[in-house]
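Only one structure is covered here, and it is reproduced in the block below.
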Amino acid sequence: MNWRRLSIVPYRARLLLRAAFAFLMAATVGLALSVLQQEKQLSYKNYEGSFQKTRVQIAATLRHPTGQLALLNPQPMASGGALHPLLLPFAALDFDDLQKVQQAVAMSGCLAQYGNNGSLCVGIGNNPWAGGFIYVAGSFDGAQLVPHIRGDQVVDYAHRVKVKVTLRGQTDEWIAPFEESSAPQTPGHRYGGMRGRLTGFTAADVARGKAPVVKDFRGWIWQNPRCNRPDLADDDPSCARSAFFSLRLPITALQEALFDKRRPEWPPADLDRINVSIAVLAPGDGAPLLDSGTGPAAPPFSLTDLKPMLLPGESLQIKRLSDGVQLPLLVAPIDPEEQSWNFVTALIRRLPVDAYDVPLSAKEIIATPAGSYEVLLKGDVRSVSKSLSVVASRLVWFVGAMLAALMLAWLVIEIGIIRRIKVLVKRADDVGEQVKAARGFSEAGLADLRGEDELGVLATGLHDLLRRVREDVERENIRAEQERNMWHAVGHEIMSPLQSLMVLHGAAEDQSHRYINRMQQAIRVLYGRASPSEAFQSSELQVAEIDLTAFLRHVAANASCVGIENVLFHGPEETVSARADEYSLEDVVTHVLRNAQRYRHPDTPIDITLEAGDTGATITIHNQGPQIAADMLDKIFEYGVSDQPESGADGNRGQGLFVAKTYMAKMGGTIVAQNRAGGVSFILNLQRGA
C-alpha cells in the first residue's frame, strides 16, 4: 500500500486554500456583526452621555432666573399687541437703582427686544405683600433728553413715557415726562450721563390742563453720555444715545384685592388678561422712540425654547408640585430618515448590548420662590436604533459584494487553477522520481502542460529550466574537470623550477630564498583546487610568534626589490611580538603595498606605522591619494572586486585584498580600510604574543 498517497501532505496547500476562503467568508460576516455590535454599544453609550448632558443643561437653565421666569410663566408671550405682565422670580424690583434693576431684568431674561435697539420688560413681583405694583423696565435710543420744566402743564415739549394698563374692565393711563435731577450723584452711582425722574400724571388730567402728580407712580430714566456713532462727538446733542428707564405702576384693582382676603391669590388668576401698553415719545408729535404695540422682535425666554436642547424623540414633562398641574409637554421631533431593511433592524435588536432599548429617564426638582417644580426627562433610544439600522442597511450591500467576490474567486481558483495545479504537481512528482532513479532530468513529462496562460507559462518555464539546469550541470562538470587538470599541469610545471631555484638559493640569509618559499606556499595552496577562492579559504597557516618590529622594518627596507619605492616605517625600537604566519603576513602587507603603490600621488611616501597595545598590535599602512567611495570600503575585500575589470591579463584579478582578509582572519586578526585626511589607511590588527 502506498502510504504517501493516503497522506494529506500532498493536499495540504489545496486544503489550506479552501479553508482560507471559508475562513474569509466567515470572518467577513463575523466582522460585520462585530462592527454592528460595537457600533450599537458605542451609540448607546454616546446617547446615554448626551442624555445626561441634556439633563444637566436643562436643570441648570431652569435653576437660573431665566429658567425660573419661564417656569413661573409657562404661557409664551404673544407675538404682537399689548404686553402682559410676567411673574418675576424676585419679590420686587429696586426700580430706582440703575445697576440693580438692569441686573435683575437681564438675569431673568424678562427683556423682550423691540426693533434693533429697544427692549421692554413688564412684570410683577412674586411676593404679594410687596404691593400691587406692575414694574416696567426698558431701553431705547434717542437724541439727548429734553427735560420737562416742573410746574409746566404742557408736557409735549419734553421726552415722556406714555403708559396704559387695562385690567378687569378698568383702564389706567399715565403720562410721565422726564424731569432732570439736579442732585449730585452719590459715590455709589457710577452713571455719568443725564438722569432724572419720570413724574407720573394721569392722561385725563393732562388733557384738562391741570394735572396733579400721582404719588405712587415712580420712575427713573438714565441716558448714556457716550454717542452711539463713533464719527460724532459725545457732546453733539443730535447724536443718538442709549437710555434705560424703569417704572413702578400703582394698580388699584390689585391693591384692593390683596386686602379683601386673608390669603390673597398671587399671582392673580387673570394675569394673562392684564394688558399693558408702553410708548416712549420724543418732544413734539413725531414717531415713538419705543412702542410696545409694534410687537417684540425677540420675545423673552420661554419653556418652548427648551425644545432645541432635546435630542430626537426625547420628551420633557414639568409638573407644579403645589397643585399637581402639568405644564405643556415638550417632545423633540424625530428627523425623517431613509428606510432600512426590516431584517437588519431585527438583527440589530438581537445583538446583545447591555441596557439597550431600555427607556432612559431622569427626574429633577427645581425650587422657585413661588413653589417647586418636578422636571421629568425621558429619552428614546429607538432613534439611535433607527439611525444605526439605516447605516447597517448600506453596509449590507458591501458585505454581500465581498461575499460574492470571495465565492467567485474561490470558484475561479478551484476550477481554473487548483485542478490544473494537481496535474502539474503530479507531473513534477514524476520528474522527481525520475531524477532519483536515473540521476538525470526528463522534461518530456511537462511538455503537454505548456500554454499561454499563467500555469502554461509556469509549466513552460519549468520545462525550459529543467533543460537548462541539466545542460548547465553537464557544462559545469566538464569545466571543473578541465580547470582541475589545468591547475595540476600548471602546478607541476612550476614546482620543478622552484625546486631547482631552492637548491641554488638554499642559504637562509639569501633574500631570494624567502621569496622562493612564498612562491612554493602559494603553489601548494592553489594546487589541485578548482577555484582560487576555495583554495585560499581552505588553506592552512602555520601561526607562530614573530617580531613585528623587525618584520616590518625588513619589509620597508626591501620593498624596492618588488618595485615599491619610498616605503617608510614608523614604530617603536623595542621588540613587539604578535601571533602570525610570517609568509602569509608578508603576502598581506605586500598586497596592501601594491594597492597603495597603484593609487598614491607621485613622489609621496607610503607610511607603515606599528602601535603596540596590551593585548594586540596595530599596523597602519597609509598612502596619500584619492579616497575610496563609502559604499566600497567593505566590498573591496570581496573576491573579484576591482576597479580595473579589463586588466586581468596584467595580474589585476581583484583577489589581492580578498587574500589579505582571508589570511588575516586565519591568523586571528582583522583588516579594514578607512578614509583619512589626504588619503587612505589600511589597519591590520593582530593578537600579541605571550
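A few points about this structure:
- Computed FRET value (nearest 0.05) for Asn675 with Glu565, which takes r as the C-beta separation and R₀ as 22 Å: 0.35
- With R₀ set to 35 Å, the beta-carbon distance separating Asp94 from Asp205 gives a calculated FRET efficiency near 0.75.
- Near Lys635, once Lys and Arg are set to +1 and Asp and Glu to -1 for all other residues with Cβ below 13 Å from its Cβ, the sum equals -3.
- Pairs exceeding a 27 Å alpha-carbon distance, out of Lys45/Lys307; Lys53/Lys319; Lys100/Lys215; Lys100/Lys307; Lys635/Lys666; Lys45/Lys378: Lys100/Lys307.
- Ala673 sits among other residues whose Cβ lies under 11 Å from its own Cβ, and their net charge, with Lys and Arg +1 and Asp and Glu -1, is +2.
- In order along region 168-175, phi translates into HN-Hα couplings of 6, x, 10, 10, 10, 9, 10, 10 Hz, rounded to whole numbers, per the Karplus curve 6.51 cos²θ - 1.76 cosθ + 1.60 with θ = phi - 60° and x for Gly and Pro.
- Ranking of Leu462, Leu548 by count of other Cβ atoms within 10 Å, fewest first: Leu462, Leu548
- Here the label points at Leu403 and Asp260, each 7 Å from Cα along the C-beta direction, are separated by 7.8 nm in the simple model.
- Here's how it looks for Gly313: its modeled amide H is under 5 Å from those of Ala332, Ile334, which are all 5 or more places away or on a different chain.
- Estimated inter-spin distance, Thr604 and Leu24, nm [label 7 Å along Cα→Cβ]: 6.3
- Taking Lys and Arg as +1 and Asp and Glu as -1, the other residues whose beta-carbon sits under 10 Å from that of Gln153 total 0.
- Close amide H contacts of Ala578 (hydrogens built in the peptide plane, cut-off under 5 Å, sequence separation of 5 or more or a different chain): Ile546, Leu548, Gly689.
- Each of Leu406, Leu686 has some number of other Cβ atoms within 10 Å of its Cβ, and from fewest to most they run Leu406, Leu686.
- Net lengthening on full extension, Asn127/Ser181 (0.36 nm per residue, minus Cα-Cα): 16.4 nm
- Given R0 = 41 Å, the distance between the Cβ atoms of Gln113 and Val35 translates into a calculated FRET efficiency of 0.25.
- Rounded to whole numbers, the Karplus 3J(HN,Hα) couplings from phi for region 411-419 are 5, 4, 5, 5, 7, x, 10, 5, 4 Hz, using 6.51 cos²θ - 1.76 cosθ + 1.60 with θ = phi - 60°, and x at Gly and Pro.
- Placing unit charges on each Cβ (+1 for Lys and Arg, -1 for Asp and Glu) gives region 64-161 a dipole about its Cα centre, and among Leu98, Leu71, Gln144 the Cα reaching farthest toward its positive end belongs to Leu71.
- Listed by Cβ neighbour count within 10 Å, with the fewest neighbours leading, Lys100, Lys378, Lys363 appear as Lys363, Lys100, Lys378.
- Segment Leu395-Leu633, extension gain: residue separation times 0.36 nm, minus the distance between their alpha carbons: 79.8 nm
- In this structure, the amide hydrogen of Ala282, modeled 1.01 Å from its nitrogen in the peptide plane, lies closer than 5 angstrom to those of Leu289, counting only residues at least 5 positions away or on a different chain.
- Here region 541-687 is assigned +1 on the Cβ of each Lys and Arg and -1 on the Cβ of each Asp and Glu. Its dipole about the Cα centre then comes out at about 280 debye.
- Residue-wise HN-Hα coupling along region 117-122, computed from phi with Karplus coefficients 6.51, -1.76, 1.60 (Hz; x: Gly, Pro): 10, x, 7, 9, 9, 10
- Extended-chain gain in nm, criterion 0.36 nm per residue less alpha-carbon gap, Glu540 and Thr171: 119.7 nm
- Spacing of the modelled spin labels on Arg468 and Val425, each 7 Å from Cα toward Cβ, amounts to 2.7 nm.
Each reported figure results from applying straightforward, stated rules to the coordinates on display, with no laboratory input. Predicted, not measured: the structure shown is a model, and the values here were computed from it. In this analysis, Cβ positions are derived from the backbone assuming ideal geometry, glycine residues included, and neighbour counts consider all displayed protein chains.
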